[in-house]
1. What span do the alpha-carbon atoms of segment B:2-225 cover on each of the three principal axes, reported in whole Å from largest to smallest?
2. Multiplying the sequence separation of residue A:566 and residue A:385 by 0.36 nm and subtracting their Cα-Cα distance, what value in nm do you get?
3. Within segment A:581-609, list the residues whose amide N lies under 15 Å from a label point set 7 Å along Cα→Cβ of residue A:707.
4. Classify segment A:660-718: rounded, prolate or oblate, from the alpha-carbon gyration tensor (a ≥ b ≥ c, eigenvalue square roots; a/c under 1.5 rounded; otherwise prolate if a/b is larger than b/c)?
5. With the calculation restricted to Cα positions, what are the radius of gyration and Dmax of segment A:160-229 in angstrom?
6. Cα axis of helix A:512-532 to longest principal axis of chain A: angle in degrees, 0 to 90, nearest 10?
7. With a point put 7 Å past each Cα toward its Cβ, work out how far residue B:2 is from residue A:198 in nm, to one decimal.
8. Using only Cα atoms, tell me the angle between helix A:33-42 and the longest principal axis of chain A; keep it within 0 to 90° and round to the nearest 10.
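All of the numbers you see were taken from the coordinates with simple rules; none came from a lab. Computed from a predicted model, the values in this text were never measured in an experiment. Reconstructed Cβ throughout: ideal geometry from the backbone, glycine too, with neighbour counts over all protein chains shown.
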């Protein structure tokens with residue numbers, strides 16, 4: 001019996017007996033050891049989407065792309081002027097749990113190559129991070145808190161270390177904390193690229209006899225089986241999996257970006273793909289499969305870091321900073337010249353063949369010969385079982401008046417100092433936010449990052465938002481809310497929400513409750529994306545996010561792209577001192593939980609995670625975005641900031657810190673709900689006149705607008721139902737500006 | 001005036017430098033590190049970034065690139081040589097400027113706006129500066145250090161170009177001199193005043209859209225310089 005046929009071998013690679021038997025049936029013979037490895041990575045959830053595929057077909061654009069051949073074009077948004085934007089999110093959760101610096105760094109590197117492979121120059125990076133508590137919460141052991149801080153610190157350093165060096169500005173992001181992330185932090189990296197729409201590349205190999213060229217760093221024994229690792233749960237043996245984590249070389253990546261873009265300009269390249277998850281396997285198999293051709297690969301020619309590498313190791317290594325290209329026969333020299341000038345490997349390792357098989361040889365022996373379609377199109381698809389948990393039904397009965405009574409003065413200060421809400425300056429100052437000199441709204445200055453790419457007057461607005469608290473309590477609404485929140489953020493920067501990329505982080509799809517969370521959240525995202533006119537153009541699914549501490553909260557992250565017709569019309573969050581303030585609201589069904597269900601107020605101030613988040617009005621959110629964009633364009637308003645975590649009080653405090661002083665009067669007779677209720681669609685706008693025009697425009701969009709106060713005085717004063725609450729500037733500052741660096745700076 | 005923007009592998013503020021110069025009507029073109037001639041150029045711009053990945057020591061590898069012989073010749077001949085961020089590190093590593101750039105005080109990369117006062121008033125780079133400048137930094141190793149004698153000489157001979165100063169609301173030195181540079185030095189000149197190395201990025205502050213135009217006060221100075 002050969003090694004490959006032994007159950008302990010294929011199960012250790014992550015394959016089930018059913019899957020193994022299917023492989024034998026498809027091949028009509030037993031697989032070789034190398035073939036088995038190739039199947040195991042291509043059929044992992046990370047590459048094969050075997051549990052998520054049926055649900056992801058809810059995304060119309062995905063479905064179109066999966067069924068047709070427009071996969072490449074599907075991921076590009078045409079912004080006019082011959083330019084397009086491409087963007088994608090990728091998770092690197094498991095590697096970051098084991099080796100936070102390299103895990104995060106290679107996450108950034110990987111997503112940059114995903115963008116580069118489209119022929120786009122990467123122009124911005126964002127990230128969405130989740131960790132366990134980083135300060136004592138009365139429940140978490142100090143050892144775990146210290147570990148969480150260590151992970152947070154080194155993930156941020158890894159993102160900066162890679163992104164800063166590679167010269168792609170990290171322009172935005174978010175960080176959240178919850179005890180359930182202690183064993184399994186989340187690190188999702190997003191990259192945005194700019195391309196000329198006439199120059200979109202393809203990954204489909206073609207042209208029998210065309211040379212296949214290996215580009216970039218040498219292959220080592222690192223990251224073998226990374227994709228399988230990503231599709232498994234974390235346990236006590238995490239540390240033993242360190243060899244599964246890849247090591248990043250941002251310097252090589254910078255050369256790879258320049259060399260790839262320059263080589264593409266020569267016109268000598270037929271097709272190109274990055275070597276990401278599953279390395280040489282994925283790139284050869286997918287390029288051959290997409291082009292319906294065969295490919296012969298001589299592994300002896302692959303640049304290696306160690307000579308004694310077996311075919312299996314070469315095919316499964318996830319060494320970083322590598323690409324695979326097919327060139328026009330006879331023009332390969334042009335590609336090699338460019339890469340050699342940039343100091344990178346460029347070696348012809350094979351050619352496109354007519355036999356429809358990917359044939360891999362090592363030392364003259366055929367180690368794998370397989371129809372690539374078996375690997376890409378025959379991955380079994382499983383229909384997960386959905387089970388609504390009891391807690392979901394119980395949460396409907398949440399009564400906000402049962403929340404403990406807390407002095408609003410203290411409550412706001414507590415919210416402003418909570419790590420998930422507080423100023424993230426400690427994080428984003430470690431990122432180069434400005435390299436490429438196209439960033440025109442920096443982190444903290446606008447509700448989304450805004451870039452003004454050279455070559456167009458248009459502006460690009462980008463954000464990434466997740467909301468595990470809301471999705472935990474009501475996955476369907478959580479999915480919707482994640483989309484409308486992201487859309488609202490780009491609209492508050494003056495941009496029309498245009499497209500979505502998502503990072504879907506969930507527990508095991510074999511757990512019916514987790515799968516229900518996943519399916520419901522995706523339904524919510526699909527509904528909202530459809531209603532907002534923002535198609536989901538790309539995304540990533542990360543399952544099996546659980547550890548011995550349990551499953552993570554369901555965490556969909558929404559990356560949103562907005563377009564501003566004229567970049568100079570973008571809006572900051574705060575108006576100049578002296579401006580008038582208005583609250584714009586989306587009319588929606590009244591919320592029985594008063595905006596306090598699943599709220600930051602309930603969780604952070606009261607220690608209660610209960611109730612439902614308010615259901616957003618999708619139609620109203622679309623109208624709100626139109627209002628904000630038009631008001632910005634007509635210069636009726638000078639700032640916009642939405643109320644999200646912590647409600648209007650937090651939003652107003654953030655403005656007061658920018659303007660120096662603010663007085664506002666909020667409607668309603670329940671101060672807790674008025675101050676801290678999270679009603680979707682609440683936006684505070686600033687203006688220096690134009691009251692009538694603002695009102696007329698809002699009415700024409702079916703929105704309500706009310707004058708709530710002025711950016712004046714010193715400190716923050718909010719009146720509600722006849723009561724007045726005051727905070728002075730120094731206490732707001734102490735809570736909001738310094739909380740994170742106090743926690744993270746060693747004393 | 002035609003400026004050579006020198007590219008090393010890993011330079012990543014090269015295009016920012018090029019476009020900021022072209023944006024104010026200064027002719028600028030790239031020169032590759034392996035070139036041996038700066039013929040046809042009047043000045044040199046050494047951009048920021050991570051030349052050679054900063055893997056050995058910031059700027060150490062780039063300082064030994066073929067083009068640096070020409071850069072040294074330009075420095076000696078009194079032509080303009082302008083090194084920003086990693087470019088400043090390259091100038092120190094090549095011995096064209098004294099001192100060294102060490103890891104930031106808190107050992108973390110920092111990207112934020114800082115405030116600069118000119119100290120020297122006569123160099124081409126500083127003569128056009130009329131106010132406290134608000135310009136960003138973006139570096140992990142920007143703490144300028146030099147031995148006592150060198151510092152004394154720099155201060156005494158007016159070779160400190162820019163010093164970090166407190167901006168609005170900043171009180172402690174750690175806030176306004178965040179990398180912990182000796183004497184809060186942000187940029188220095190060679191004795192002739194034709195070579196400037198500085199950590200902050202004036203090329204990032206060249207338009208209202210980008211958030212500040214203060215960098216122009218330094219870049220415009222290049223326009224005032226006649227062809228050497």
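1. 47, 36, 32
2. Working: separation 181, 0.36 × 181 = 65.16 nm, distance 4.78 nm.
Working it through step by step, the gained length comes to 60.4 nm.
3. Answer for this model: A:581-584.
4. Details: a/c = 2.50, a/b = 1.20, b/c = 2.09.
Because a/c hits 1.5 or more and a/b fails to exceed b/c, segment A:660-718 counts as oblate.
5. In Å, with Rg to one decimal and Dmax whole: 18.6, 56.
6. 70 degrees
7. If labels sit at residue B:2 and residue A:198, their model points lie 2.9 nm apart.
8. 20 degrees
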